[in-house]
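Have a look at the structure below, then the notes.
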Amino acid sequence: MLRYPPKSLVIVTGLPGAGKTTLLERLYGLHGGETLPVTAGTVVVIDTAQSRRHWYGRLTWAPYPLRRAVVFATHLRRIRQALARGHSVVAHNRGCGPYVLKGFAWLARRRGASLHLLLLDTPPREALAGQQARGRVVQPRTFARHERRWNTLITQVTGGDPAPASGAYVVSRAQADLLEAIVFDASHSRRE
């Protein structure tokens with residue numbers, strides 16, 4: 001069990017195919033067809049796939065980079081809205097670049113929340129197998145960029161520096177499979 005302070009923003013990140021969506025589906029009973037965030041008690045669960053499905057078939061005229069930007073902007077708006085309503089938020093994010101994480105930290109601070117990272121540390125070969133299993137494979141050049149950013153982030157975090165987050169917790173895919181819950185309460189000892 002992982003524990004965080006109430007009204008925190010927990011970003012679940014890792015390489016594409018690492019198992020982030022699978023983890024959220026298992027912990028929060030998602031069925032994979034949602035187009036809107038899911039509220040579970042005081043927690044709002046926001047997956048980028050929800051925004052992608054929301055826009056599916058509606059932006060066919062737009063080039064892929066524009067469609068991707070619209071999906072990401074929708075994802076950010078949903079996180080901002082949930083934080084503004086005082087909810088704790090667990091959100092999926094495949095990007096782990098420094099500017100994206102700084103943006104999440106800024107967004108959390110603006111709403112009086114703290115940012116925490118839950119990093120799914122999956123070897124690249126397993127992440128690629130995860131992509132193939134879901135039927136959506138990232139282009140090799142894009143995956144290589146994700147892998148470089150991931151390596152930088154994981155080195156920083158395991159070296160004791162979670163910035164710009166308040167804290168970061170690293171789990172393997174096997175450990176993620178054993179995770180029973182993410183809890184938000186005043187006794188936030190991180191894990192039990």
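The values are calculated or read from the model by the stated rules, or taken from the named source; none is laboratory data. These numbers come from a predicted model, not from an experiment. Positions of Cβ are backbone-derived with ideal geometry, glycine not excepted, and every protein chain shown enters the neighbour counts. Side chains included, ligands, DNA and RNA excluded: accessible areas come from the protein's heavy atoms. Shrake-Rupley method; radii C 1.70, N 1.55, O 1.52, S 1.80 Å.
Below, the figures for the structure above:
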{"read-out": "Subset tally (residues that are within 27 Å of Leu27 (Cα to Cα) and either in contact with a Leu (Cβ under 9 Å, 6 or more places away or on another chain) or not small (Gly, Ala, Ser) (or both)) for region 128-148", "value": "11"}
{"read-out": "Region 15-42: number of residues that are within 21 Å of Val170 (Cα to Cα) and out of contact with any Asp or Glu (no Cβ under 7 Å at 6 or more places or on another chain)", "value": "11"}
{"read-out": "Scope region 3-28; condition in contact with a Lys or Arg (Cβ under 6 Å, 6 or more places away or on another chain) and modelled with pLDDT of 95 or more; matching residues", "value": "Val12"}
{"read-out": "Residue match in region 139-160 (condition: of a type in the set (Asp, Glu) and open to solvent by 70 Å² or more (accessible area, probe 1.4 Å))", "value": "no"}
{"read-out": "Residues satisfying the stated conditions in region 95-148, i.e. over 30 Å from Ala186 (Cβ atoms) and aromatic (Phe, Trp, Tyr)", "value": "Tyr99, Phe143"}
{"read-out": "Any chance Arg134 is surrounded by fewer than 17 Cβ atoms within 10 Å (Cβ to Cβ), among the basic types (Lys, Arg) and touching a residue at least 12 places away in the same chain (Cβ under 8 Å)", "value": "yes"}
{"read-out": "Among the residues listed as Arg67, Arg109, Arg78, the single one being in contact with a Pro (Cβ under 7 Å, 6 or more places away or on another chain) and basic (Lys, Arg)", "value": "Arg78"}
{"read-out": "Residue within region 84-99 that is small (Gly, Ala, Ser), more than 14 Å from the chain's Cα centre (by Cα) and either open to solvent by 30 Å² or more (accessible area, probe 1.4 Å) or over 14 Å from Pro164 (Cβ atoms) (or both) present", "value": "yes"}
{"read-out": "Selection count where residues are assigned to a strand (DSSP E or B), more than 26 Å from Thr142 (Cα to Cα) and in contact with a helix residue (DSSP H, G or I) (Cβ under 8 Å, 6 or more places away or on another chain), scope region 80-98", "value": "1"}
{"read-out": "Where Asn93 falls short, out of the listed (1) farther than 23 Å from Gly17 by Cα; (2) at pLDDT below 95; (3) in contact with a strand residue (DSSP E or B) (Cβ under 6 Å, 6 or more places away or on another chain)", "value": "(1)"}
